[in-house]
1. Glu618 - would you say it is among the charged types (D, E, K, R), surrounded by fewer than 21 Cβ atoms within 10 Å (Cβ to Cβ), away from ligand 2 (no atom under 16 Å from the Cβ) and more than 30 Å from Tyr82 (Cβ to Cβ)?
2. Considering only region 137-158, how many residues are in a loop (DSSP other than H, G, I, E, B) and at pLDDT 95 or above?
3. Does region 38-56 contain at least one residue that is within 15 Å of ligand 1 (Cβ to nearest atom), out of contact with any Ser or Thr (no Cβ under 7 Å at 6 or more places or on another chain), assigned to a helix (DSSP H, G or I) and not assigned by TED's automatic domain parsing to the domain that holds Thr191?
4. For region 437-491, name all the residues that are under 20 Å from Ile424 (Cβ atoms) and within 16 Å of ligand 2 (Cβ to nearest atom).
5. In region 236-250, what residues are outside any loop (DSSP other than H, G, I, E, B), of a type outside the set (D, E, K, R) and buried (at least 20 other Cβ atoms within 10 Å of the Cβ)?
6. Which is at pLDDT below 95 and either in contact with a Cys (Cβ under 7 Å, 6 or more places away or on another chain) or within 16 Å of ligand 2 (Cβ to nearest atom) (or both), of Gly209, Gly219?
7. I'd like the residue in region 8-33 that is without any contact (Cβ under 8 Å) to a residue 12 or more places away in the chain and not in a strand (DSSP E or B) and, out of all such residues, is nearest to Tyr181 (Cα to Cα).
Amino acid sequence: MTKFAKSDLKFVDHEKPWRYEEDGLTVTRGSAWSGPGCHLGCGVLLHTDKDGKLVKCEGDPENPFNQGRLCMRCLNIQEVTYHEKRITYPMMRDPKDRGKDTWRRVSWEEALDYVADKFLDIKEKYGAESVIFAQGTGRDIGPAITRLAWSYGSPNYTCILSGLACFLPRIAGMALTTGTYMVADASQGWTDRYDNPAYEVPEVLVVWGNYPLVANNEGWYGHWVVDMMKRGTKIIDIDPKVTWLSCNSAQHLRIRPGTDAALALGILNILFEEDLCDNDFVDKWCYGFDELKARAAEYPVSRVAEITWVPEENIIEAARMIGKAKTASLQWGLAVDMTKESLPASQAIASIFMVTGNIDVPGGIIPTISILSYASGWGGELISDEQKAKRIGLGNYPILQAGFQMSQADELIETMESGEPYEIHGSWLQQTNILACIAADPERTHKAFEKLDINVSVDLFMTPTAMALADVFLPANTFPEHDSIRLGDGIQRGEVICQACKPVGESKSDMEINLLLGKRLAPEAWPWETLEEVYDELLKPTGFTFSELKEVAPIFLPLEYRRHEKGLLREDGQLGFPTPTGRLELYSTIYESMGYDPLPYFEEPSPGPGSTPDLMEEYPLVLTTGARVFNSFHSEHRMIERNRSYTPDPTIQVHPELCERYGVDEGDWVWVENHLGRAKRRVKKTPILGTRIVACDHGWWLPEKDPEDLFDLYDVAINKLLPWGEFGKTGFGANYKTNICKIYKVKEGE
Ligand SMILES: Nc1nc2c(c(=O)[nH]1)N[C@H]1C(S)=C(S)[C@@H](COP(=O)(O)OP(=O)(O)OC[C@H]3O[C@@H](n4cnc5c(=O)[nH]c(N)nc54)[C@H](O)[C@@H]3O)O[C@H]1N2
Ligand SMILES: Nc1nc2c(c(=O)[nH]1)N[C@H]1C(S)=C(S)[C@@H](COP(=O)(O)OP(=O)(O)OC[C@H]3O[C@@H](n4cnc5c(=O)[nH]c(N)nc54)[C@H](O)[C@@H]3O)O[C@H]1N2
Ligand code: SF4
Ligand SMILES: [Mo]
């Protein structure tokens, strides 16, 4: 963790206090960095009436990150907060009744006592490792759930995502070779943003496997891309799909899904062949140049064009743009993670920006520093080494030991089924809708969890997951209903979430729920009585109390460029990067010590045209899934009328020529099928993906349908076409975006 004094921290001079009156309403300033709807933290102004009811949510113009901008999920948060389908009190059901709508209302006391008794009983009989604690995408949940798991004694904190294929592969691919995680510098570290004299926009920004305009992923906002374009930045967009951004890019590389590593190695090869590297930077700060050059030589542009479906001239032009730019930066996304060999892909992509000297410079890719790092959890000291060693996947995937705290999800599912090396008996599912969204092969996942003695779901709504599996439902609440914080996680700022309205019904915040259960499971680890005390404790290293932080947030760490030249990146104060060689490792000594290939490589995505030609006869289309849409967050918002109205049905995007070939038309319902399963989709006729690729949205279920049919989940779940167990050699990466399928019309009555 970065060392700093309270006086080092920077903040915005707010004109008004964190809460004030305006036009007969109370305005509460804060952030949305908590569920639902997002995992980011735009600054918000929450307006409540005299009865404490949330009336509207507006963007905070003083917040340097979003500068007043909000997207529809926050603008419409009040429809979520007051939705009639919210579950507002705890409920329980006989475990024999899983899948049946036989819930009964209970008190918090009864629900929490039941969970605590069950968990403590399992711990005594089988060991604490037999209960797993799973979250979905990162929100403010990190500290709450890790402390709960570790204070209870379970090392099995995870998310039920094959190959942990979201963000972690990119973090690992970069952190193991550079010693830190780096982000594109869009001036987000400066409170005065683009106006700061130290900042320069990059000449070129490569947007790779990402659509930030919709996703705003990992706290990196799409509107920044537009801001940078307005200031002169040219875009190289690497995406199979035609989008607004691709149409406004200098180069659009329409890549075949899952071939990003080959493209990156091809670009590297051109940089080497045409002498477009920053030789001085490479000499001083990179390790393994010759080895990488030799590896990249295996990827001549003709071969890369054939693999990636990107024309040779586009690849050459993109490489030259990057190589010749004063500064070139990288904003990458989920598509890099969501292919089996995602780690070498991210290693190859990151190397492009290392050999061109774009690291740690204004507008380039800059090392992140955290105010408080909860990315690695809260309360690691609470769990014994003996218990820690039992984490599923640790033995087989050494990278999990390198600062990553999650269990490997594929191995976990196998463990649940086989009882080897030990039996799993309980689950705690918090902020995650496993069957409808995150898990591969939801039917297999369903069976694996059905075997457990207890499943607990902490959610806002009755989801297919809770309906199918939970014995206890604990009602969480939305960000305007509670206080919370989130600091660090790679982004150099701290935000507070300030309660603005009365909680609906008996709902509670996730941290409060975990505090109440924590007191029952391990009281010595949860000595606090109020949430404010919890947050004061978490904030101690910043020197702020929670109530002080409310006034000044967001807070920023001071930013400097070229920290590697000043000895500011390594614990020992030496110059260079925090890697074993002190340099950016183009050839990874860490991978080598773990027995992995130290250099990046490309492996054909499987299944796919290059790896399973036999399957392509039956399933001739390449299928990518899950590209984000503005109106919903994963499986959320399906019951929120205004949001749902933009995408009323699950869709598949199909080229007009393909429509003709398969005898389908706009609006038709089709089955999307491969060798593993099928799901229903409605045809969206569009040329944006060409004639070899189709795309489906993810996270579908139909809250308007019968709960006992699991809201028709198994008709529409696209993850039925995805297996467990097809993940990368390192334990990271899976094929969520690189699949195959055929399509045919749904018959009447089906
Ligand atoms: N096919 C395919 N599948 C994918 C993807 C893809 O691209 N393609 N993307 C994957 C990725 S990257 C991810 S990260 C996962 C995401 O998977 P999840 O994180 O499981 O997805 P969500 O639908 O956001 O589920 C969150 C659940 O938490 C509830 N919730 C929202 N806010 C709160 C809160 O504050 N407290 C509590 N307790 N509950 C809350 C919501 O109601 C919802 O039921 O999905 C993955 N699934
Ligand atoms: N509105 C909204 N925002 C979200 C989310 C949400 O559900 N809704 N989810 C959040 C989460 S958890 C995440 S992880 C992020 C993800 O957000 P992003 O990183 O943007 O990921 P996607 O939107 O899944 O895909 C981005 C682009 O990759 C392209 N693509 C597909 N396959 C490939 C491929 O193999 N290679 C390349 N180069 N491109 C490919 C798609 O066409 C798409 O345009 O979004 C976050 N933000
Ligand atoms: S990106 Fe959108 S949903 Fe997320 S916090 Fe900002 S406004 Fe809200
Ligand atoms: Mo994600």
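1. Against the criterion (among the charged types (D, E, K, R), surrounded by fewer than 21 Cβ atoms within 10 Å (Cβ to Cβ), away from ligand 2 (no atom under 16 Å from the Cβ) and more than 30 Å from Tyr82 (Cβ to Cβ)), Glu618 qualifies.
2. 4
3. The answer is no, given that none of the residues of region 38-56 is within 15 Å of ligand 1 (Cβ to nearest atom), out of contact with any Ser or Thr (no Cβ under 7 Å at 6 or more places or on another chain), assigned to a helix (DSSP H, G or I) and not assigned by TED's automatic domain parsing to the domain that holds Thr191.
4. Selection gives Ile438, Ala439, Ala440.
5. Across region 236-250, the qualifying residues are Ile236, Ile238, Leu245, Ser246.
6. The conditions single out Gly219.
7. Asp13
Results for (1) within 16 Å of ligand 4 (Cβ to nearest atom); (2) surrounded by fewer than 24 Cβ atoms within 10 Å (Cβ to Cβ); (3) over 19 Å from the mean Cα position of the chain (by Cα), shown as yes or no for each residue.
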residue	(1), (2), (3)
Tyr157	no, yes, no
Leu161	yes, no, no
Ala198	no, yes, yes
Asn217	yes, yes, no
Met229	no, yes, yes
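The values are calculated or read from the model by the stated rules, or taken from the named source; none is laboratory data. These numbers come from a predicted model, not from an experiment. Using ideal geometry, Cβ is built from the backbone for each residue, glycine included, and neighbour counts are taken over all protein chains shown.
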